[in-house]
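Nothing in this text is a laboratory measurement; each read-out follows from the coordinates by a stated rule. Given the structure is predicted, the values throughout are model-derived calculations rather than measurements. Cβ sites come from the backbone with ideal geometry, for glycine too, and all protein chains shown count toward neighbours.
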Amino acid sequence: ANAFKLADHPKLPKGKTIALIVLDGWGEANPDPYNCIHTAETPTMDSFKKTAPEKWRLIKAHGTAVGLPSEDDMGNSEVGHNALGAGRIYAQGAKLVDLALESGKIYDGEGFKYIKQSFDKGTLHLIGLLSDGGVHSRLDQVQLLLKGAAERGAKRIRLHILTDGRDVIDGTSVGFVETIENDLAKLREKGVDAKIASGGGRMYVTMDRYENDWSVVKRGWDAQVLGEAPHKFKSAVEAVKKLRETPKANDQYLPPFVIVDDSGKAVGPIVDGDAVVTVNFRADRMTMLAKALEYEDFDKFDRVRVPKINYAGMLQYDGELKLPSHYLVSPPEIERTSGEYLVHNGVKTFACSETVKFGHVTFFWNGNRSGYFNPEMEEYIEIPSDVGITFNVQPKMKALEIAEKARDAILSGKFHQVRVNLPNGDMVGHTGDVEATVVSCKAADEAVKIMIDAIAQVGGIFVVTADHGNAEDMVKRDKSGKPMLDKNGNVQILTSHTLQPVPIAIGGPGLAPGVRFRSDVPTGGLANVAATVINLHGFEAPSDYETTLIEVVDK
Ligand code: 3PG
Ligand code: CO
């Protein structure tokens with residue numbers, strides 16, 4: 001425990017209650033009709049900048065500032081919350097897989113050797129998100145892995161694709177499927193029996209998270225493992241095109257389908273002796289499938305048939321659960337996160353969000369680690385999310401409920417840090433529904449107000465920030481910033497995150513006079529927030545953390 005002892009901050013007191021509020025998908029951008037945050041009434045968020053500009057600033061939330069390969073990579077919640085919680089920048093999954101593929105080390109690792117055992121007699125199955133979004137997976141990595149596995153002896157390969165439309169523009173799935181079909185055709189020319197076997201939209205098939213809705217994973221299981229789905233096609237390109245034709249259909253929610261041969265038989269169910277790789281590097285939306293594939297004891301749905309397979313994840317998705325036990329690339333070793341320091345220094349923490357983002361303020365925040373560091377020092381509350389709807393239907397989501405739980409935690413006097421994630425801007429932004437996103441932003445702002453008022457009552461401090469942009473820009477733009485049109489002349493709605501910076505505001509009656517943002521950290525990003533918050537708890541941050549954003553001037 002001693003290694004975690006933090007030095008006292010020379011100027012800042014201990015024992016204040018801090019509300020640490022993360023608005024998911026809340027970036028800063030110029031006023032614009034597609035800036036839903038600007039359109040929405042957000043008096044509380046606006047007031048920070050207006051009334052205390054020395055305690056408001058922008059920080060970076062994308063690209064290398066959060067450990068992603070390049071400045072063209074938009075931020076996302078995994079890397080964002082990792083940086084916020086860990087206070088340092090780690091090369092993230094996307095980057096680690098790139099390096100392993102580039103150097104060829106991926107093929108020397110334990111994980112690849114393990115799946116390779118099945119290449120002689122079995123089929124290699126790749127399951128994952130097929131797009132170049134770079135949030136959960138990347139098409140070019142799947143292409144390289146396909147080629148690499150074939151060169152190393154995989155004779156029969158089946159792909160189980162999940163269409164995106166969430167980290168990329170809706171409708172792009174067709175092009176991605178065509179690209180991968182082209183690769184598979186080349187492999188077939190070389191004598192490898194390589195085909196797409198099944199598919200479905202990521203939000204309806206397989207990629208649920210935080211155990212929100214197991215039926216999503218079951219639909220995937222039925223198609224991928226059992227070879228059963230309501231829709232059967234001879235080719236995946238045809239499948240995606242046809243399934244998109246039904247009204248309101250989109251890439252995110254395509255129904256599950258299987259590819260069948262001339263006799264109507266599914267071409268690639270998963271059977272005994274096969275190898276399976278889940279090709280997503282990001283954890284949250286692969287963990288549930290990993291459990292279904294790996295756990296002997298499993299009661300979340302009836303798997304009907306449980307094939308004996310050699311299964312590996314692209315990464316290990318959960319370090320605490322050691323899930324999956326085999327993986328192709330080692331995940332970033334995120335250790336000594338701010339949460340772990342705080343429990344060793346007497347700081348009691350409360351964390352809360354609704355299901356769809358609950359793991360973000362706990363699991364991602366703590367460096368992809370599930371559970372408590374010390375249950376006596378922490379309490380995590382999950383508010384059940386609505387299930388089976390798209391969030392444009394309920395854009396307020398559980399913002400009020402989260403705020404009320406946080407308010408009660410603040411007023412209880414039991415906690416020094418009350419941390420929440422407000423999902424609205426992000427989850428509704430991902431639906432591409434501009435009007436609903438405006439409503440969602442207002443709801444998030446009202447939730448912030450509730451928590452700020454509670455902080456005022458207890459003489460505490462607030463820190464309000466975001467993990468990445470989303471709701472502040474809902475349209476795809478050309479280089480000059482003009483909205484881009486599709487071939488029918490409609491604007492191309494942007495369902496994904498953005499490259500925008502995010503705001504951070506500090507304040508509250510408990511903030512020592514003279515605390516303000518330093519002017520000498522102009523390139524500050526999400527990773528600088530942890531040291532800042534540790535200071536506000538009255539401690540010096542660990543020396544290897546990214547520097548604090550604040551200074552204390554004599555008043
Ligand atoms: C998702 O998983 O919903 C999106 O791909 C990314 O959104 P998040 O990073 O905000 O969770
Ligand atoms: Co998002």
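Looking at the square roots a ≥ b ≥ c of the eigenvalues of the Cα gyration tensor of the stretch 94-329, which shape do they give, rounded for a/c under 1.5, prolate if a/b is larger than b/c, or oblate? Rounded is the answer for the stretch 94-329, as its axis ratio a/c remains below 1.5. Would you list which lysines come within 17 Å of Lys241, measuring only between C-alpha atoms, while excluding same-chain residues fewer than 8 positions from it? Leaving aside lysines fewer than 8 places away in the same chain, those within reach of Lys241 are Lys232, Lys487. Distance from the C-alpha centroid of the stretch 486-536 to that of the stretch 298-344: 30 Å, rounded to the whole angstrom. The length gained by stretching the chain between Ala185 and Asp46 to full extension, at 0.36 nm per residue less their Cα-Cα distance, is 44.6 nm. For Ile157, the residues whose modelled amide H falls within less than 5 Å of its own, excluding neighbours fewer than 5 places apart on the same chain, are Leu124, Asp193, Ala194, Lys195.
When the Cα positions of Val343, Gly459, Gly199 are compared along the charge dipole of the chain, Gly199 comes out farthest toward the positive end, with charges on each C-beta of Lys, Arg, Asp and Glu.
Using Cβ point charges alone (K and R +1, D and E -1), the dipole size of the chain about the Cα centre works out to roughly 400 debye.
Listed by chain and number, the lysines whose alpha-carbon sits under 24 Å from that of Lys60, ignoring those within fewer than 8 places in the same chain, are Lys49, Lys50, Lys95, Lys357, Lys442, Lys476, Lys479, Lys482. Prolate is the label for the stretch 44-200. Its Cα gyration tensor axes, ordered a ≥ b ≥ c, give a/c of at least 1.5 and a/b above b/c.
The stretch 439-485 and the stretch 20-64 have Cα centres lying 5 Å from one another. Within the straight-line cut-off of under 20 Å between alpha carbons, the lysines reachable from Lys190 are Lys116, Lys121, Lys147, Lys155, sequence neighbours fewer than 8 places apart in one chain being disregarded.
Can you compute the equivalent ellipsoid semi-axes for the chain, i.e. the square root of 5 times each eigenvalue of the Cα gyration tensor, sorted largest first and rounded to whole Å?
Value: 41, 26, 20 Å, ordered largest first.
Database remark: amide H of Leu494 closer than 5 angstrom to the amide H of Val475, Lys476 (H placed geometrically; neighbours at sequence offset of 5 or more, or on other chains; Pro and chain starts carry no H). Within the chain, the selection of entire DSSP H helices by a Cα span of 30 Å or greater along the long axis and an average Kyte-Doolittle value of at least 0.5 returns 434-458.
Note on the stretch 94-329: with charges restricted to the Cβ of Lys and Arg (+1) and Asp and Glu (-1), its dipole about the Cα centre is near 420 debye. Given a Förster radius of 22 Å and the C-beta distance between Glu54 and Thr523 as r, what FRET efficiency does 1/(1 + (r/R0)^6) yield to the nearest 0.05? My answer for the efficiency is 0.75. Over the Cα atoms of the stretch 497-555, the radius of gyration divided by the Kirkwood radius equals 0.98; this is the Rg/Rh ratio.
Packing-based ranking of 230-241, 437-448 yields 437-448, 230-241, ordered from highest to lowest mean Cβ neighbour count within 10 Å. 3J(HN,Hα) along the stretch 62-73: 9, x, 5, 4, 10, x, 8, x, 9, 6, 7, 7 Hz, from the Karplus curve 6.51 cos²θ - 1.76 cosθ + 1.60 with θ = phi - 60°, whole Hz, x for Gly and Pro.
Which of rounded, prolate, oblate describes the stretch 214-288, given a ≥ b ≥ c as roots of the alpha-carbon gyration tensor eigenvalues and a/c under 1.5 marking rounded, otherwise prolate only if a/b is larger than b/c? Cα axes put the stretch 214-288 in the oblate bin.
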